[in-house]
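Beneath this line is the structure, given in structure tokens, with notes to follow.
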Amino acid sequence: MHRFWAQQVFIFGILIFSLESSLCDSQKDVDEDRLMHPKFIEVGTSERILQRAGEDTNEFWLNQGKEFIRQQQTRKPNTNKAKNIIMFLGDGMGLTTLVAARSYIEAEHTKLSFEEFPYTGLSKTYCVDKIVPDSATTATAYLCGVKGNYGTIGVNAQVLRDDCQAMNQTEHHVFSIAKWAMDAGKSAGLVTTTRVTHASPAGVYAHTADRHWEADSDIEEYCGKDHGLPDLAHQLVHGEVGSQLKLMMGGGKSNFLDGKLYENGLRSDGRNLIEEYLQKSPGNTLVETLEELENLDLSKPQRLMGIFHDDHLDYHLDAVANPLNTQPTLEQMTKKAIEFMQQQREDNGYFLFIEGGKIDMGHHATKARLALDETKEFSQAVALARAMTSEEDTLIVVTSDHSHTFSVAGYQERGSDIFSLRTSDIDGLPYSPLSYANGVSYSKYFDVAKSKRVDPSLVLRNEAHDVFPATVPLADETHGGEDVGVFASGPWAHLFTGVYEQNAIPHMMAYAACIGDGLKVCDILSEYESA
């Protein structure tokens, strides 16, 4: 009998222990959940948090959902043939950059100009040999329709980086949609805030085993003095594609001139390629300042080169702060570029590549404010291009080549300054919701000797060139490997929906414009009509 009750007590004890363990585990889960989703003390009044009147009501959000459906219902695919194509490239403009840029420009719920475009998709940016790509191999993908190796431009994956012999084999060369357009009788051109010989614009016209071979002296280091290979500046002036471009605007003057001819020249072959460009034809025109560009009669030049800096153009924030600035903005270059292309004598339409290249450079330096301001400038240029052209005959595609390790985190209040600091609940120090996974700014935010974080308020000065925290010390912040957005408006813009390889982009643009050797809507319509 005693044994029976002893057994019951033992069983009861096990039940109690199990229940307590379960309760402890449950409490542990609750505690962890609270840590993951903290309830911060609200800052400011409800008026500060509510960005739009009515956000605290059911009706506001229900009506917003209904309006979006109505908008989608009335949207009809545009199946016109695209006479013109404008491709905008926000270099390094990942999805997180778009999120932060909305707040930088106005507020979280607002949209950048191209986010108003009717069709969006995602492109996968990896290249043949690396998961995370660079701007060279991605330019080959989104302009030439073929993926290649990291650091190479306008060649297939048979060419490894710095392979001098393989680069010289024309069977490995691939051509961009700019050539496809010109072969169909259209004009083509490029605009960039970087050097015109930099990786992204070079994808329009070049074939190289190394993106850094912008001047002849760059190639000699790898391939010897008698290499016989054309550098990127040479290819822009004398190459098969570059020599036929109607328009070239950006920076990079130093790569076109010998150091003995020009103080900042980087060439060593005694040549002045800008003068050689001008001597090719009386109709070839050069402008070097905003004033010259604004005063130019665009009806006179047959070809137009605008070189506004020895190196890359200045960041917009630096340019506007400089009373001696003579450079045009991306928006100003875009305006003149479209006006010039619209009055080409052939009038068969055009392909125009426009790059906001310094978004990428701001991120590489962990200077988020510069990167976001460049994104704002880029958005304004896109808005202008859409306003200057017709959706009936002009396809505009906006995308990026790759992302960055940039992140937006930290449960900031609605309406707060995107650059504002929060406070850590572990070390009690402020932290920045904007940060990078790696980069040169690591040492400014972490005191290795004391093994503790540096107070970010001692680093951030609310200045254009503020550097933001980086987790891993690297000489330069790296790209990110996630997909990037694609935004399209105009003929056949609906093709750009879904998730696809980056190299599909030029094929879709070519399909809409009936250019190139691939699928073309004109061929399909002809087959349909003949049937």
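Numbers at a glance
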read-out: Residue within segment 220-236 that is in contact with a helix residue (DSSP H, G or I) (Cβ under 8 Å, 6 or more places away or on another chain), of a type in the set (A, V, I, L, M), in a loop (DSSP other than H, G, I, E, B) and under 26 Å from Gly90 (Cα atoms) present; value: no
read-out: Any hit, segment 154-167, residues being in a loop (DSSP other than H, G, I, E, B), open to solvent by less than 10 Å² (accessible area, probe 1.4 Å) and more than 24 Å from Ala381 (Cβ to Cβ); value: yes
read-out: Residues being of a type in the set (A, V, I, L, M) and more than 11 Å from Ile307 (Cβ to Cβ) - total across segment 227-262; value: 7
read-out: Subset of segment 419-468 (residues that are among the polar types (S, T, N, Q) and part of a loop (DSSP other than H, G, I, E, B)); value: Ser420, Ser424, Ser432, Ser441, Ser451, Asn462
read-out: Residue match in segment 207-218 (condition: more than 17 Å from Gly189 (Cα to Cα), of a type in the set (Lys, Arg) and open to solvent by 10 Å² or more (accessible area, probe 1.4 Å)); value: yes
read-out: Verdict on Thr394 being among the β-branched types (Val, Ile, Thr), surrounded by 19 or more Cβ atoms within 10 Å (Cβ to Cβ), more than 18 Å from Ile105 (Cβ to Cβ) and touching a residue at least 60 places away in the same chain (Cβ under 8 Å); value: yes
read-out: In segment 463-472, the residues that are under 15 Å from Pro433 (Cβ atoms) and open to solvent by 70 Å² or more (accessible area, probe 1.4 Å); value: Thr471
read-out: Selection from segment 338-363 of residues that are touching a helix residue (DSSP H, G or I) at 6+ places or on another chain (Cβ under 9 Å) and in a helix (DSSP H, G or I); value: Ile338, Glu339, Gln342, Lys358, Ile359, Asp360, Met361, Gly362, His363
read-out: Residue in segment 254-265 that is open to solvent by 10 Å² or more (accessible area, probe 1.4 Å), in contact (Cβ under 8 Å) with a residue 40 or more places away in the chain, within 30 Å of Gly185 (Cα to Cα) and of a type outside the set (Asp, Glu) present; value: no
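The values are calculated or read from the model by the stated rules, or taken from the named source; none is laboratory data. Everything numeric here is computed off the predicted structure, so don't read it as measured data. Methodologically, a virtual Cβ is constructed for each residue, glycine included, from the backbone with ideal geometry; neighbour enumeration extends over all protein chains shown. Surface accessibility is based on the protein's heavy atoms, side chains included, excluding ligands, DNA and RNA. Shrake-Rupley method; radii C 1.70, N 1.55, O 1.52, S 1.80 Å.
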